[in-house]
Amino acid sequence: MKDLTRRHFLGHSLAGGVALATAGLVATAGAGEPSLIIGGGPAGAATALAIRAARPEARVTLVERDPTRLAGNVDAPAALMRPSAVGYGALAQAGVGIVIDEVVGLDWRNRRLELFSGRRLPFGTLVVAPGTAPRAEAIPGFDAVAGHQWPAVWGSAREARRFAGQLAALPERGHVVLRLPADAGGNPDEAARRALYIAQDLERNRPDARLTVLDAAEQSETAATFAALLPETTLTAKRVTWCGPVEGGTVLAVDTRRGRLETPLGAVTADVVNFVTPRRAAAIAHLAGLADESGWCPCAPDGRSGLRPAAFVVGDARKGARRSVSGALEQGRATARASLMV
């Protein structure tokens, strides 16, 4: 499980939405049954805090594999990163136990997590906040080397630093390409803000450079969101060339050595490429049997898993979820209403 550090929430206000979303499961978190949260990103941390706030007597433990996930102070451009998770201090102060370990198995019959260290943790309520992970694509030329040279910058501080360095080294009349798959990396709103960030960076530092967005989505939500954000900036639409499928926005093959992206309308050459990949629920969701053939986690409105009713899923791994602040908040409100009927 290599992708538990990736999260797709757009703003700090989402923590409130996730807190609401946990309301439907708080009623199950009794004092005698420990609640386990897998995943220490914004969704998982907010869930742990919400349960403790509603039931101070409840035993809540958060399991996170990456020891840096809750540490904060990531040395990377903030505009390229997800909102920070709640830190160790706030969780500990709220009485949330923290286990830094990796889940390698789940014993559903005996309701226990199996950890890499050999420990086994019993649970009454199980909440999984998987986040998302890259989904493989069959694009000729796009391999591990291409992924390194053309980083996705989708939740990775290392990739964010690399991409920021590439932008800083861009020639004065350089060309940047933002490649978006049909699913916009699972988050059209964040993809739009990525395009805006790059365009504004060029306006400040490389006014003679240009940005092309290759967007494979039909009726692109990302393009619509970008257009809606433009009036809030000093940018004009002319600074960005936005290519949908009809304009050659679909990437068919790549050649990173030559800086070429092949499209149905010919090759596009770039100095810097932000190559966003399609997404699916991260590895822990598949290990736990929470994801279906679509790669996402089917859930009831209150977050209860459609495949494993003993578990809840929070965050953007839910199937059909709108991966935006407004979508998450509405999800939370619906779950809160459902909880009042328990």
#### Entry: ³J(HN,Hα) computed for each position of the stretch 137-152 - Karplus, 6.51 cos²θ - 1.76 cosθ + 1.60, integer Hz, glycine/proline x
10, 9, 10, x, x, 8, 10, 4, 5, 4, x, 6, 6, 10, x, 6
### Message
Sort 263-270, 244-251 by the packing proxy (mean of other Cβ within 10 Å over each peptide's residues), most packed first.
### Response
244-251, 263-270
### Message
Explain nothing, just compute: Karplus ³J(HN,Hα) = 6.51 cos²θ - 1.76 cosθ + 1.60, θ = phi - 60°, for every residue of the stretch 158-167 in order, whole Hz, x for Gly and Pro.
### Response
5, 5, 4, 5, 5, 5, 4, x, 5, 5
## Note on the structure
PRE zone check, label point 7 Å out along Cα-to-Cβ of ALA237, amide N under 14 Å, scope the stretch 196-228, hits 223-228
### Message
From the phi angles alone, apply the Karplus equation (6.51, -1.76, 1.60; θ = phi - 60°) to the stretch 94-107 and give each ³J(HN,Hα) in whole Hz, x where the residue is Gly or Pro.
### Response
7, x, 8, x, 10, 10, 8, 6, 10, 6, 10, x, 10, 9
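Quote the FRET efficiency, to the nearest 0.05, computed for GLU172 versus ASP255 with a Förster distance R0 of 22 Å and r equal to the Cβ-Cβ distance. Write down the numbers at each step before the final one.
Details: r = 24 Å, r/R0 = 1.10.
Plugging the Cβ-Cβ distance into 1/(1 + (r/R0)^6) gives 0.35.
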### Carbon + sulfur, % of accessible area of the stretch 144-277 - ligands and nucleic acids excluded, 1.4 Å
50 percent
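Once you sort the root eigenvalues of the Cα gyration tensor of the stretch 144-277 as a ≥ b ≥ c, which label holds: rounded (a/c under 1.5), prolate (a/b larger than b/c) or oblate (the other case)? Mind showing how you got there, number by number?
Numbers: a/c = 1.27, a/b = 1.05, b/c = 1.21.
Judged from the Cα gyration tensor, the stretch 144-277 comes out rounded (a/c under 1.5).
The values are calculated or read from the model by the stated rules, or taken from the named source; none is laboratory data. Only a predicted model underlies this, so the values are computations on that prediction, with no experimental measurement involved. Here Cβ is always computed from backbone atoms with ideal geometry, including for glycine, and neighbour counts include all displayed protein chains. The accessibility values were calculated without ligands, DNA or RNA, using every heavy atom of the protein model including side chains. Shrake-Rupley method; radii C 1.70, N 1.55, O 1.52, S 1.80 Å.
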